[in-house]
Amino acid sequence: MRSASMQRVDQKAWCKQLPGRLKAAAPVPGVHDRPDLELDCSALIRQCVVDLQRHFGFALGGWNQAYQFDTLPIKVDSVDQLEPGDLIFVSGIYFDEKRKPKPHNMTHVEMYFPCGADLCETIGSRHKKGCVQVHRDFRFESQTYHSMQYHFRKIDTWLEGVCQSICSEHRWTNG
């Protein structure tokens, strides 16, 4: 349990408010009034942190899911060890060999959002049109990449106000 960090940000409150915020923001054709707003997977996570910036004490840099992955050093072995709001990253190899691989081959990220009997649900934007949805299972088959691996990361360091890359291989700078 996150006693000290829970004082900083109530993760359950974060996750509870998320579906309502996404309903207002996500571009679901015919359902929402903002079809021009698109959030890809890393932009969704970044927007959540922006919404809670006063609690976190930082804003995420504008880089993709590989950057977010590099700022979360606490890894766990299975989804059973995650708490609401923790992140599930997916690495994979693009089918299109001309496409430049991302650092660590990190292709996707979703937020753990257990709300059903299986406790495998996530909130994420899996498809090219940036449609944010609650997914029944974090596992899925991609049409864009193969050799998928799932990486489970705790957001405890973020909850403590720390957002620094721990990767010596990639330099995340603005210059």
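The table below lists the values:
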item: Equivalent ellipsoid semi-axes - Cα gyration tensor, segment 119-175, angstrom; result: 26, 17, 13
item: Residue order, fewest to most surrounding Cβ atoms within 10 angstrom, among VAL50, VAL134; result: VAL50, VAL134
item: In Hz, Karplus ³J(HN,Hα) per residue of segment 122-127 (6.51, -1.76, 1.60; θ = phi - 60°; x = Gly, Pro); result: 9, 10, x, 10, 8, 10
item: Positive-end extreme of charge dipole, segment 54-155 - chosen from PRO101, ILE74, VAL132 (charges on Cβ); result: PRO101
item: Scattering curve values for segment 29-168, log₁₀ I(q)/I(0), Debye with Cα scatterers, q = 0.08, 0.10, 0.11, 0.20 Å⁻¹; result: -0.21, -0.33, -0.40, -1.34
item: Stretch gain in nm, segment ASP96-VAL50, where the contour uses 0.36 nm per residue and the Cα spacing is subtracted; result: 13.3 nm
item: Long-range amide H partners of TYR145 with built H, under 5 Å; result: PHE95
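Each value in this text was obtained by applying a stated rule to the coordinates, not by laboratory testing. Note that this is a predicted model, so its numbers are computed, not measured. In this analysis, Cβ positions are derived from the backbone assuming ideal geometry, glycine residues included, and neighbour counts consider all displayed protein chains.
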